[in-house]
Structures are given as C-alpha cells and as structure tokens.
1. Between Arg221, Arg228, Arg143, which is surrounded by 20 or more Cβ atoms within 10 Å (Cβ to Cβ) and of a type in the set (Lys, Arg)?
2. Those residues that are under 20 Å from the mean Cα position of the chain (by Cα) and either surrounded by 18 or more Cβ atoms within 10 Å (Cβ to Cβ) or in a loop (DSSP other than H, G, I, E, B) (or both), I need them from the stretch 176-192; list them, please.
3. Which residue pairs have Cβ atoms closer than 9 Å, lie 6 or more positions apart in sequence or on different chains, and pair a first residue in the stretch 81-109 that is closer than 19 Å to Ala15 by Cβ and open to solvent by less than 80 Å² (accessible area, probe 1.4 Å) with a second residue that is modelled with pLDDT of 85 or more and hydroxyl-bearing (Ser, Thr, Tyr)?
4. I'm trying to understand the selection: among the residues of the stretch 196-241, which are more than 19 Å from Arg159 (Cβ to Cβ), over 27 Å from the mean Cα position of the chain (by Cα) and not small (Gly, Ala, Ser)?
5. Hey, among Gly239, Gly168, Gly192, which residue is within 17 Å of His139 (Cα to Cα) and in contact (Cβ under 8 Å) with a residue 12 or more places away in the chain?
6. Consider Ala24 against the criteria (1) under 18 Å from Leu13 (Cβ atoms); (2) surrounded by 13 or more Cβ atoms within 10 Å (Cβ to Cβ): it satisfies all of them except one. Which criterion is unmet?
Amino acid sequence: MPIWLTRDRLALLLAGLAPLAVAAVLLPLRGSLENTHVALIMVAVVVAVAALGNRVAGYLAAGFAGLWFDFFFTQPYQRLTIDVRSDAETLVLLLIVGVAVTELAVWGRRQAAAASRDAGYLAGIQAAATVGAVGGSSHDLIRQVSDQLVTTLELRGCRFQRGVAGLGNPPRLQRDGSVTWHRAAWDADREGLPAEEETELLVESGGRLHGRYLLTATPHRPLSPERRRVAVTLADQVGAALG
C-alpha cells in the first residue's frame with residue numbers, strides 16, 4: 001500500500017466509491033431484484049467499509065448507500081424523490097441499520113485493540129519474569145524492562161539509575177498507578193506523564209530501594225490507569241530480581 005494511503009484514507013475512499021460501484025453492478029437487475037434485497041446488499045457494503053475504517057467512513061458509506069439506493073432503485077428513477085411509501089421506509093431503515101452496524105464495527109475494533117494491548121502487556125510481564133526466573137543477568141533484565149516501559153507508556157526514552165530516589169524532586173509514578181508532582185496529583189489520564197521533566201518509577205523489593213527508572217514522556221499522550229499499573233508491575237519484576 002502506498003505510504004500516503006493509510007487504512008482510514010482507504011476506508012474514506014471506499015465509502016464514496018463502493019456504494020456507487022455496487023449500485024452500478026445491481027442496476028441491470030433492477031427489474032427482477034426486490035428493493036429490500038438491494039438495501040441489504042448496501043448494508044453489507046457499509047459493514048465492510050466500517051470494519052475497515054472508522055466511524056466517519058461508516059457514516060459516509062451509509063449516506064452514499066442511501067443516496068444511490070434512492071437515485072437508482074426507487075421511482076421515479078434518476079431523481080432524488082420517492083413516490084412509493086415502502087421504498088421510503090426501506091431507505092430510512094437502510095440509513096438506520098447503516099449507522100447501527102457502523103457503531104458495532106467501531107466498538108468491535110476498540111475491543112480488539114484493547115485485547116491486543118492487554119496481550120502485549122502480559123507478554124512483556126511474562127518476558128521480564130522469565131529472565132528473572134531462569135537466572136538471566138540483572139543488566140539484561142533492566143534493559144528489557146526499559147524497552148517494555150517505552151512501549152507500554154509510549155515514551156521517548158527510559159533509563160535506569162541504581163540506588164537513588166527523589167533526586168531533583170521529579171514527578172513520580174506511584175505504586176497504585178497514580179502520578180504525583182510537587183506533592184500534588186497529576187492528571188495522567190488526560191495529560192499523560194509530565195513532559196517537562198523525567199518521571200521516576202521506583203524499583204523496590206521488601207522495603208529496600210534498588211534504584212529508579214527515569215521516564216521521558218511523549219507530550220500530551222494520555223495514559224490509562226491500566227498502562228501505568230503494568231509499568232509498576234514491570235518495575236517490580238526488576239526489584240524482585242535485584243532483591
């Protein structure tokens with residue numbers, strides 16, 4: 001796929017072209033095909049576009065499907081008017097179902113993305129735990145967890161310092177996933193980690209401090225509580241190994 005043709009752009013392109021192409025294919029069958037069947041086929045087109053793209057693409061596909069259904073398959077033909085009440089009802093249902101399936105497709109994509117992220121987080125934790133369990137070097141584990149933190153928190157950078165905490169009074173990612181800075185809560189759900197300074201994530205075990213990860217945040221990148229707690233769990237793996 002060309003670099004300029006992203007998945008969403010392709011979906012928007014298909015939202016405009018696919019309903020017209022399908023209508024052109026079905027047009028020779030207009031005399032023998034029930035309009036309800038045409039509407040169902042158009043709904044299938046909307047589903048395909050919405051599954052490929054986003055909500056905007058799905059809505060556009062539903063709108064164009066309704067437009068060409070009206071223009072080609074309702075009397076009077078080639079006019080944007082409808083004389084038959086049942087055809088008008090079919091058009092309304094086509095639009096309603098098109099919007100509904102778009103919302104379902106968007107919801108499905110979000111659930112699939114969330115499942116994929118969760119699987120990635122779990123894989124990262126398991127990989128870190130495996131290094132510790134098989135007796136890998138602490139250096140390898142620290143580096144691996146650093147890479148996992150960059151991925152999980154979408155950081156610009158991450159480094160580990162041994163044996164220090166609180167130096168410079170930086171923002172801190174707490175054990176419960178909350179973020180504090182200057183003794184006040186930081187809204188990481190909306191703002192992500194502070195980008196002005198590195199955020200520290202302590203590495204501890206059994207009440208003993210082993211060091212800290214210093215996290216260089218991507219500005220204004222919201223982070224869910226789940227991501228932040230995964231980061232704490234990853235740091236705990238290092239703490240357990242160093243302990």
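1. Arg228
2. The answer is Ala188, Gly192.
3. Listed by first residue and then by second, the contacts come to Leu91/Thr74; Gly98/Tyr59; Val99/Tyr59; Thr102/Tyr59.
4. Arg208
5. Gly239
6. (2)
Conditions (1) free of Cβ contacts under 8 Å to residues at least 24 places away in the same chain; (2) open to solvent by less than 30 Å² (accessible area, probe 1.4 Å), marked per residue:
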| residue | (1), (2) |
| --- | --- |
| Leu14 | no, no |
| Leu29 | yes, no |
| Ala48 | no, no |
| Ala51 | no, no |
| Ala61 | no, yes |
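Let's see how each residue does on (1) under 30 Å from Thr152 (Cα atoms); (2) touching a Ser or Thr at 6+ places or on another chain (Cβ under 9 Å):
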residue: Val25; (1), (2): no, no
residue: Thr36; (1), (2): no, yes
residue: Ala57; (1), (2): yes, yes
residue: Phe69; (1), (2): no, yes
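The values are calculated or read from the model by the stated rules, or taken from the named source; none is laboratory data. For clarity, every value in this text was computed on a predicted model and none was experimentally measured. Methodologically, a virtual Cβ is constructed for each residue, glycine included, from the backbone with ideal geometry; neighbour enumeration extends over all protein chains shown. Accessible surface is based on the protein model in full, side chains and every heavy atom, while ligands, DNA and RNA are left aside. Shrake-Rupley method; radii C 1.70, N 1.55, O 1.52, S 1.80 Å.
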